[in-house]
Amino acid sequence: ITDFHLQVNSPCINTGTNVGLPYSGSAPDIGYAEYGAVTNIAPTANAGLDQNITLPTNSINLSGSGTDPDGTIAAYLWTKVSGPTAGTITSTTNAATSVTALVAGVYKFELKVTDNNGAFNTDTMQVIVFAPNIAPTVNAGLVQSISLPSNNSNLTGTGNDVDGFISAYKWTKISGPASGTILNSTASATTVTNLTEGIYQFQLQVTDNNGAIVTDIMQVTVNAANIPPVANAGADQSIVLPVNTVTLSGTGTDVDGTVVSYKWKQISGPVDKLTSLNTAVTVLNNLIEGTYQFELTVTDNKGASDTDTTVVNVNAAFFAPAPAANTIKVYP
């Protein structure tokens with residue numbers, strides 16, 4: 001059997017012409033086989049880091065690279081291997097390129113690198129395109145009105161996010177007197193203490209898991225302490241039978257509001273003679289002898305009330321004694 005491989009001292013070693021094939025010495029060997037086999041090391045591909053974007057942003061940059069320890073990178077090739085049909089690779093043969101016109105979905109892009117000896121390697125990266133974030137909604141609660149000495153108010157806010165969740169709440173006083181302390185500004189429901197007279201506005205800010213922020217405002221009016229009304233049931237009265245009718249003329253005054261109701265009540269006397277209970281003025285008929293006491297209650301527009309009483313004396317009829325008869329004495 002004849003061996004045609006080059007021998008160790010062959011004059012054909014390193015004396016050939018370089019035609020672009022791999023060789024192990026200072027020049028190619030003459031013949032069909034290179035003395036000492038040369039094994040090509042495949043290149044390494046790097047498609048870059050995974051990426052996440054949210055519409056309306058709809059393009060990304062692909063930053064690929066390739067390395068070859070025993071040669072050079074001769075070619076790059078980008079390919080979309082999965083995902084929606086949308087998405088255009090600007091230049092498929094550049095290591096660094098961009099992808100445009102993406103829509104919501106999950107994409108995978110592959111980078112293939114080929115070295116100068118024809119060996120290749122691939123790597124993939126992922127792009128997630130999220131749908132546009134829908135901003136949350138917020139409700140700071142109803143308008144409130146309180147009156148001193150009550151000086152606390154409960155703030156009951158809500159937030160809702162249809163495509164995520166509420167990640168943060170924040171209450172802020174944006175106008176009003178210097179007083180007023182928000183106990184927990186980062187809770188949806190909280191309490192404001194130490195309020196004084198005035199009009200306050202409180203803002204609730206909510207933030208969703210994608211960073212969208214919305215606000216709403218509610219108002220708290222703190223009124224001065226209510227001054228109760230003053231009731232006047234009228235002067236005491238005395239009548240003498242057969243007069244048996246009197247008029248009770250009550251009044252009510254309120255310095256910081258209005259009197260909204262009157263109510264009479266008989267609290268003592270021979271018989272109940274009230275015929276009208278809910279008016280300032282009422283008439284009593286058919287009274288009989290005795291002492292009557294009546295109470296008038298007046299109530300103002302803020303619910304405060306006051307009472308006063310009056311007395312009616314009904315005296316028996318006065319009859320004058322009959323004059324003594326004249327006596328005539330007859331002497332015998």
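Here are a few things to note about the model shown:
- Only Cα sites of the range 1-131 enter the Debye sum here, all with the same form factor; the resulting log10 I(q)/I(0) across q = 0.10, 0.12, 0.22 1/Å is -0.48, -0.59, -1.15, listed in q order.
- Each of the chymotrypsin sites (Phe, Trp or Tyr not before Pro) that DSSP puts in a loop and that has at most 13 other Cβ atoms within 10 Å breaks the chain; the longest unbroken stretch is 166-317.
- Computed from the C-beta positions of A101 and S147 and an R0 of 45 Å, the FRET efficiency is 0.10 to the nearest 0.05.
- Centre-to-centre, using Cα atoms only, the range 87-140 and the range 227-283 are separated by 89 Å.
- Only Lys, Arg (+1) and Asp, Glu (-1) charged, at Cβ; the chain dipole about Cα centre in debye: 1380
- Net charge of the neighbourhood of I41, taken over other residues with C-beta under 11 Å away and scored Lys/Arg +1, Asp/Glu -1, is -3.
- Spin-label pair N133-D256: with each label point 7 Å from Cα along the Cα-Cβ axis, the two points sit 4.8 nm from one another.
- Its relative contact order, with pairs defined as Cα atoms under 8 Å and 6+ residues apart, puts the range 147-270 at 22 percent.
- Inter-label distance for N244 and N184, nm, one decimal - labels placed 7 Å from Cα along Cα-to-Cβ: 7.1
- Debye, to nearest 20: dipole size of the range 141-240, +1 on Lys, Arg Cβ, -1 on Asp, Glu Cβ: 200
- Compared with the alpha-carbon gap, the fully stretched path from T90 to T309 is longer by 69.2 nm at 0.36 nm per residue.
- Neighbours of N133 by Cβ distance under 14 Å: Lys/Arg scored +1, Asp/Glu scored -1, total -3.
- Put a plus charge on the Cβ of each Lys and Arg, a minus charge on the Cβ of each Asp and Glu, and nothing anywhere else: the dipole of the range 195-327 about its Cα centre is then about 500 debye.
- The chain, accessible area per residue, ligands and nucleic acids excluded (1.4 Å, Å²): 58
- Most mobile listed residue (L195, L204, L111) in the chain, GNM with C-alpha springs under 10 Å: L111
- Net +/- balance of residues flanking T97 in space, Cβ distance below 14 Å, scoring K and R +1, D and E -1: +1
- Counting protein heavy atoms only, the chain has 54 percent of its accessible area on carbon and sulfur, 1.4 angstrom probe.
- Our estimate of slack between Q201 and A119, defined as 0.36 nm per intervening residue step minus the Cα-Cα distance, is 22.4 nm.
- Kirkwood hydrodynamic radius (C-alpha pairs) into Stokes-Einstein, the range 43-110, 4 °C and 1.567 mPa s, D in µm²/s: 101
- Which label in [x] 18, 21, 27, 14, 11, 5, 2, 1, 0; [y] 23, 35, 20, 16, 6, 0; [z] 18, 19, 19, 14, 12, 8, 6, 3, 1, 0, 0 gives the computed P(r) over Cα pairs in 20 Å bins from 0, in percent: [z]
- Extension gain, N58-A74: 0.36 nm per intervening residue step, less the Cα-Cα distance, totals 2.7 nm.
The values are calculated or read from the model by the stated rules, or taken from the named source; none is laboratory data. Owing to the predicted nature of the structure, the values given are computational and were not obtained by experimental measurement. Note that we place each Cβ from the backbone using ideal geometry, even for glycine, and neighbour counts take in every protein chain shown. Accessible surface is based on the protein model in full, side chains and every heavy atom, while ligands, DNA and RNA are left aside. Shrake-Rupley method; radii C 1.70, N 1.55, O 1.52, S 1.80 Å.
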